[in-house]
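Enquirer: Here it is, the structure in full.
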Amino acid sequence: MKINPSQLTPINPLRATKTTAQDQIDGARKLQDAYHDFVGKTFYGEMLKSMRSTVGKPAYFHGGQAEEIFRSQLDQHLTDHMSDASADGFAEPMFRLQFPQQAALLAKEDQKATANLTDLSTLRRR
């Protein structure tokens, strides 16, 4: 069976494929935030998990399964906070290596924002 391309109806995309510069910047910013979140939570989550594995269960006063569930939720909460506080320090260089185009786009945008602030500082009161 042969397919005749002239008989096929064209397929229109559901959304526009053209993206504006602002859409690209917003997409890069979302990607950067998601990447920082992923790297931070993965790093700190594994760190806490390995830390907990080095400490054995006590002979007395161990809460059993309920304590393990609580400790797991506590570790998740700690991971979230540690990731928010300090993941940018080691995730940003990794982001620049993994996604160089988006990193360059964000650096250019940040440079523009900084330039606007320096322009304002040159204004004087009369």
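Enquirer: Listed residues Gly45, Gly63, Gly27, Gly56; which is farther than 26 Å from Leu106 by Cα and either among the polar types (S, T, N, Q) or in contact with a Ser or Thr (Cβ under 8 Å, 6 or more places away or on another chain) (or both)?
Expert: Gly45
Enquirer: Among the numbered criteria (1) surrounded by 11 or more Cβ atoms within 10 Å (Cβ to Cβ); (2) not in a loop (DSSP other than H, G, I, E, B), which one does Ser6 miss?
Expert: All conditions are met except number (1).
Enquirer: Step by step: first the residues of the stretch 57-111, then only those that are of a type in the set (A, V, I, L, M, F, W, C) and more than 20 Å from Arg29 (Cβ to Cβ), then the one that is nearest to the chain's Cα centre (by Cα). Which residue is that?
Expert: Met82
Enquirer: Now for a different question. Give me the residue from the stretch 1-34 that is of a type in the set (Val, Ile, Thr) and modelled with pLDDT of 85 or more and, out of that set, nearest to Ala103 (Cα to Cα).
Expert: Only one residue fits best here, namely Ile25.
Let's see how each residue does on (1) outside any loop (DSSP other than H, G, I, E, B); (2) surrounded by 13 or more Cβ atoms within 10 Å (Cβ to Cβ); (3) among the aliphatic types (A, V, I, L, M):
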position	(1), (2), (3)
Thr19	no, no, no
Phe38	yes, yes, no
Met51	yes, no, yes
Ala66	yes, no, yes
Arg71	yes, yes, no
Leu78	yes, yes, yes
His81	yes, no, no
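Enquirer: Condition test on Ala115, is it part of a helix (DSSP H, G or I), under 24 Å from Ile25 (Cβ atoms), of a type in the set (Gly, Ala, Ser) and modelled with pLDDT of 90 or more?
Expert: no
The values are calculated or read from the model by the stated rules, or taken from the named source; none is laboratory data. Bear in mind the structure is a predicted one, so any value in this text is a computation, not a measurement. Note that each Cβ is placed from the backbone with ideal geometry, even for glycine, and that neighbours are counted across all protein chains shown.
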